[in-house]
Ligand code: PLP
């Protein structure tokens, strides 16, 4: 039996989500753009999912658009803001996900806008004074893009304060909320934010479906052109199956948000306790203060030792799936840009463990003891 502790990369679907999707696969194959009964049924599935997502983030229905992934959502926002909203400068952090950083590389290297980096400290938290300085000293139309929680070290940023600073200087604010959506409450009525993004597969929904929230005041034109789907905002026949599964996953996440959080946090605490008592000089990255650290991610930095090479592979051989950072497409371990940005000692190996409510205390204890043993 394998133990899956890589839930920040992706999560298994719950049986309820699979049931909903199975039902759609068998019964609801209509094209949501068709006006007959089967088309209307498919349309209803999408609109119900939109209601669930909009309620989860406190937006209106017209501000939520389904996409193929959070990668697409983030591309749509960043490129759309530069191409259509007159943005000339983007301020971001060096610890964003590659879908943000590589989009910004593209925009910068093709002369579309300037990109500047806001300092983060050794825990990965953004230096708010630096953000304010950057905004104060240049009045170029600016968008600030800062993720809510980091996918490698779990650092949670204070996006309410960031949003207020952006507002003070008239900057647009985008937050990649992929790791927090459905895990900690998000309310766009309380956060001065113009764009957020999310992805179904991070919260026990299917892969290949995401959403973008675009504030009514800063609506963007379409990123993908074609038919009139998603109210002309995102062409292409909708992924009815995926969107239906996404809706169910969000409903479950929101109905159980506090219980899941409390339970997963207890797993994280137990895990850290065991490692702390069995491994000398273990460091938990981006972990303190606890309320600014995501409850499902523990990035463990370990003392250098000859045995620490190939840790992820050795854990894998022991039946435990973990990760050394973000899920990378090549399968090759590369030095993490996040760990480099927070000044982590590259001689120390690090392993990311990420939990979900589907893990058991026994799994967590087994994994913690196994890590100590492998070392
Ligand atoms: N942003 C963050 C913080 C992520 O962790 C991920 C997934 O790894 C993404 C964006 C991309 O999401 P998707 O897999 O839906 O493209």
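The values are calculated or read from the model by the stated rules, or taken from the named source; none is laboratory data. Predicted, not measured: the structure shown is a model, and the values here were computed from it. Glycine also receives a Cβ, built like all others from the backbone with ideal geometry; neighbour counts cover every protein chain displayed.
Do you know which residues across the range 126-138 are in contact (Cβ under 8 Å) with a residue 12 or more places away in the chain and more than 16 Å from the ligand (Cβ to nearest atom)?
Step one: filter the range 126-138 for residues in contact (Cβ under 8 Å) with a residue 12 or more places away in the chain, giving 126, 128, 130-132, 134-136, 138.
Selection gives 128, 130, 131, 132, 134, 135, 136, 138.
Looking at the range 195-222, which of its residues are assigned to a loop (DSSP other than H, G, I, E, B), more than 16 Å from residue 54 (Cβ to Cβ) and away from the ligand (no atom under 14 Å from the Cβ)?
Within the range 195-222, 220, 221, 222 meet the criteria.
Go through the range 163-194 and give me each residue that's more than 15 Å from the chain's Cα centre (by Cα) and assigned to a loop (DSSP other than H, G, I, E, B).
Residues of the range 163-194 more than 15 Å from the chain's Cα centre (by Cα): 163-173, 187-194.
169, 170, 171, 187, 188, 189, 190, 191, 192, 193, 194, listed by residue number.
Can you find a residue that is under 13 Å from residue 8 (Cα atoms), within 10 Å of the ligand (Cβ to nearest atom) and at pLDDT 95 or above anywhere in the range 151-171?
The answer is yes; a qualifying residue exists.
Looking only at residues in the range 64-88 that are more than 14 Å from the ligand (Cβ to nearest atom) and surrounded by fewer than 20 Cβ atoms within 10 Å (Cβ to Cβ), which one is farthest from residue 234 (Cα to Cα)?
Residue satisfying both the conditions and the ranking: 88.
Return the pairs, sorted by first residue and then second, in which the second residue is assigned to a loop (DSSP other than H, G, I, E, B) and within 13 Å of the ligand (Cβ to nearest atom), the first residue lies in the range 191-219 and is touching a residue at least 12 places away in the same chain (Cβ under 8 Å) and under 22 Å from residue 164 (Cβ atoms), the beta carbons are less than 6 Å apart, and the residues are 6+ apart or on different chains.
From the range 191-219, the pairs are 196/177.
Counting just the residues of the range 30-43 that are free of Cβ contacts under 8 Å to residues at least 40 places away in the same chain and either within 16 Å of the ligand (Cβ to nearest atom) or surrounded by fewer than 14 Cβ atoms within 10 Å (Cβ to Cβ) (or both), which one comes out nearest to residue 243 (Cα to Cα)?
The selected residue is 40.
Restricting attention to the range 80-102, report how many residues are free of Cβ contacts under 8 Å to residues at least 40 places away in the same chain and under 24 Å from residue 165 (Cα atoms).
Selection size over the range 80-102: 1.
Which of (1) in contact with a helix residue (DSSP H, G or I) (Cβ under 8 Å, 6 or more places away or on another chain); (2) within 16 Å of the ligand (Cβ to nearest atom) is the odd one out, the single condition residue 254 does not satisfy?
Going through the list (1) in contact with a helix residue (DSSP H, G or I) (Cβ under 8 Å, 6 or more places away or on another chain); (2) within 16 Å of the ligand (Cβ to nearest atom), residue 254 breaks only (2).
Can you name every one of the strands (runs of 3 or more DSSP E) wholly within the range 264-375 that holds 3 or more residues which are in contact (Cβ under 8 Å) with a residue 60 or more places away in the chain?
In the range 264-375, 297-301, 350-354 are the strands (runs of 3 or more DSSP E) which contain 3 or more residues that are in contact (Cβ under 8 Å) with a residue 60 or more places away in the chain.
Could you tell me which residue of the range 174-194 is surrounded by the fewest Cβ atoms within 10 Å (Cβ to Cβ), considering only residues that are more than 19 Å from residue 296 (Cβ to Cβ) and away from the ligand (no atom under 16 Å from the Cβ)? I'd like the intermediate steps shown before the answer.
Within the range 174-194, the subset more than 19 Å from residue 296 (Cβ to Cβ) is 174, 187-194.
Filter again for away from the ligand (no atom under 16 Å from the Cβ), leaving 187-192, 194.
Details: 187: 12, 188: 21, 189: 8, 190: 12, 191: 20, 192: 18, 194: 26.
This residue is 189.
Check residue 255 against each of (1) within 19 Å of the chain's Cα centre (by Cα); (2) without any contact (Cβ under 8 Å) to a residue 60 or more places away in the chain and name the one condition it does not meet.
Of everything listed in (1) within 19 Å of the chain's Cα centre (by Cα); (2) without any contact (Cβ under 8 Å) to a residue 60 or more places away in the chain, residue 255 misses just condition (1).
Under 16 Å from the mean Cα position of the chain (by Cα) and assigned to a loop (DSSP other than H, G, I, E, B), is that true of residue 9? If you could, list the steps in order and put the result at the bottom.
Values: under 16 Å from the mean Cα position of the chain (by Cα): yes; assigned to a loop (DSSP other than H, G, I, E, B): yes.
Criteria met by residue 9.
Do we have residue 153 as crowded, with 22+ Cβ neighbours inside 10 Å and in contact (Cβ under 8 Å) with a residue 60 or more places away in the chain here?
Values: crowded, with 22+ Cβ neighbours inside 10 Å: yes; in contact (Cβ under 8 Å) with a residue 60 or more places away in the chain: yes.
Criteria met by residue 153.
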